[in-house]
Amino acid sequence: MNFIRRKTLSNSDEDLLTSYVQTNSSGYFEELYNRYIPLIYGLCLKHLQNAKRAEDATMELFKILLPKVSDHEIKDFRTWIYSVAKNHCLQILKKEKQHILADLDSSVKESDHVLHLLEENGSKYETEVLNRCIKELPKQQKITISMFFTNKMSYTDIAEQTGYLLKTVKSQIQNGRKNLKTSIEKLQNE
């Protein structure tokens, strides 16, 4: 392994990843992972608010990813590992039943009526209007809105299932709500 480590120090992330996938030699992935330990640890520390927990999460992530990294098509390792590490921390917090409050800008919040339509069963007419408006949403908004309200999935779960970044999921849901509000109000005024 020392030979692999010395040889790989100057290799790019992509070269190390390709070498790992082709040979299944953990030394390649270990070298690649070691490059990003400060980033991963800092991210874990930010989310978990405890040095010991952040250390544990950083090492746990390595053990989890080592056998699974070959199954993913990774274009930019830095972006991918950041996203995976963040989701890992959020899953830890979720398991501990800590509530993560979403940052919702007050200018994006919808009227109580639209939230009522999304979260509860309305009249037959209201349900028809809502379904019609949902069908008109762009694809990503339609998917995330349905998963969030119909399937009661968390942002993190939606990100994992769809492959979207967490911030993309939040954005699509917020924009979807905003578009639904506009569309519903337009139909009600006709």
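The values are calculated or read from the model by the stated rules, or taken from the named source; none is laboratory data. Given the structure is predicted, the values throughout are model-derived calculations rather than measurements. Using ideal geometry, Cβ is built from the backbone for each residue, glycine included, and neighbour counts are taken over all protein chains shown.
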Members of the range 167-190 found to be modelled with pLDDT under 85 and basic (Lys, Arg), listed by number | Lys181, Lys186
Restricting to the range 147-166, what's the tally of residues that are over 12 Å from Leu90 (Cα atoms) and modelled with pLDDT of 85 or more?
-> 6
What number of residues within the range 36-58 are farther than 19 Å from Glu160 by Cβ and either within 16 Å of the chain's Cα centre (by Cα) or of a type in the set (Phe, Trp, Tyr) (or both)?
-> 2
Take Ile74 and decide whether it is modelled with pLDDT of 75 or more, surrounded by 15 or more Cβ atoms within 10 Å (Cβ to Cβ) and not assigned by TED's automatic domain parsing to the domain that holds Ile37.
-> no
Can you tell me which residue within the range 139-162, out of those that are in contact (Cβ under 8 Å) with a residue 12 or more places away in the chain and hydrophobic (A, V, I, L, M, F, W, C), is surrounded by the most Cβ atoms within 10 Å (Cβ to Cβ)?
-> Ile158
What pairs come up if the first residue lies in the range 163-179 and is closer than 11 Å to Gln140 by Cβ and in the same structural domain as His88 (by TED's automatic domain parsing), the second is at pLDDT 90 or above and assigned to a helix (DSSP H, G or I), and their beta carbons are under 8 Å apart, counting only those six or more places apart or on different chains?
-> none
Total residues in the range 28-45, condition closer than 13 Å to Ile92 by Cα and without any contact (Cβ under 8 Å) to a residue 24 or more places away in the chain = 1
Unmet criterion (only one of (1) at pLDDT 70 or above; (2) on the phi > 0 side of the Ramachandran plot) for Lys97 = (1)
Scanning for something under 21 Å from Lys167 (Cα atoms), outside any helix (DSSP H, G or I), out of contact with any strand residue (DSSP E or B) (no Cβ under 6 Å at 6 or more places or on another chain) and of a type outside the set (S, T, N, Q), does the range 59-72 turn up at least one residue?
-> yes
Residues in the range 45-65 that are crowded, with 17+ Cβ neighbours inside 10 Å, among the aliphatic types (A, V, I, L, M) and under 23 Å from Glu31 (Cα atoms): how many?
-> 5
